[in-house]
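*Asks:* Pasting a structure here, questions to come.
The values are calculated or read from the model by the stated rules, or taken from the named source; none is laboratory data. Here the structure is a predicted model, which means the values were calculated and not measured. Methodologically, a virtual Cβ is constructed for each residue, glycine included, from the backbone with ideal geometry; neighbour enumeration extends over all protein chains shown. These area figures cover heavy atoms from the full protein model, side chains too; ligands, DNA and RNA do not enter into them. Shrake-Rupley method; radii C 1.70, N 1.55, O 1.52, S 1.80 Å.
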Amino acid sequence: MDILAKIAEQKIREAMERGEFDNLPFHGVRIVPEDLSGVPEELRMGYKVMKNAGILPQEMQLKKEMVSLQQLLA
């Protein structure tokens with residue numbers, strides 16, 4: 001472990017002892033990682049950025065419109 005990693009670990013331990021991590025959002029709640037295994041590796045970052053921005057990929061937007069049109073027709 002290099003010197004910067006050791007310093008970082010020491011600072012984290014000190015902050016934990018002071019209780020600085022006790023009242024963080026999601027404290028004690030399991031966070032489920034996103035499953036992007038179906039997305040090609042070279043597209044994953046783009047999909048994640050688009051998802052965080054609330055934008056759907058074009059093919060998903062078209063599928064969403066198709067489903068809503070099918071529901072209207074039914």
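*Asks:* How much length is gained if the chain between Ile55 and Val67 is pulled fully straight, taking 0.36 nm per residue apart and subtracting their Cα-Cα distance, in nm to one decimal? The partial results should precede the final answer.
*Replies:* Details: separation 12, 0.36 × 12 = 4.32 nm, distance 1.76 nm.
Working it through step by step, the gained length comes to 2.6 nm.
*Asks:* Apply the Karplus parameterisation 6.51 cos²θ - 1.76 cosθ + 1.60, with θ equal to phi minus 60°, to every residue of the stretch 35-41 and state each ³J(HN,Hα) to the nearest whole Hz, in sequence, with x for glycine and proline.
*Replies:* Those phi angles translate into 9, 10, 5, x, 9, x, 3 Hz.
*Asks:* Something else now. In Å and on Cα atoms, what radius of gyration and Dmax does the chain show?
*Replies:* For the chain, the Cα-based Rg and Dmax read 21.3, 65 Å.
*Asks:* Loop by DSSP (not H, G, I, E, B), at most 16 other beta-carbon atoms within 10 Å: where is the longest site-free stretch of the chain for GluC sites (Glu not before Pro)?
*Replies:* With a cap of 16 other Cβ atoms within 10 Å, the longest stretch comes to 35-74.
*Asks:* Which chymotrypsin sites (Phe, Trp or Tyr not before Pro) in the chain sit in a loop by DSSP (not H, G, I, E or B) and have at most 13 other Cβ atoms within 10 Å of their own Cβ?
*Replies:* For chymotrypsin sites (Phe, Trp or Tyr not before Pro) across the chain that sit outside H, G, I, E and B with at most 13 neighbouring Cβ atoms in 10 Å, the list reads Phe21, Phe26.
*Asks:* Just from its helices, what would the mean residue ellipticity at 222 nm be for the chain, if runs of 4 or more DSSP H residues each count -39500 (n - 2.57) and the sum is divided by every residue, rounded to the nearest 500 deg cm²/dmol? List each step's numbers first, then the result.
*Replies:* Working: 3 runs with 45 residues, N = 74.
That calculation yields -20000 deg cm²/dmol at 222 nm.
*Asks:* Compute the long axis of helix 3-18 from its Cα atoms, compare it with the longest principal axis of the Cα atoms of the chain, and write down the angle in degrees, 0 to 90, nearest 10.
*Replies:* Helix 3-18 and the main axis of the chain meet at about 90 degrees.
*Asks:* Accessible area per residue, 1.4 Å probe, Å², for the stretch 17-74: what's the number?
*Replies:* That works out to 98 Å² per residue.
*Asks:* Roughly speaking, to the nearest percent, how much of the chain's 1.4 Å accessible area is carbon and sulfur?
*Replies:* Percent of accessible area from carbon and sulfur atoms in the chain: 61.
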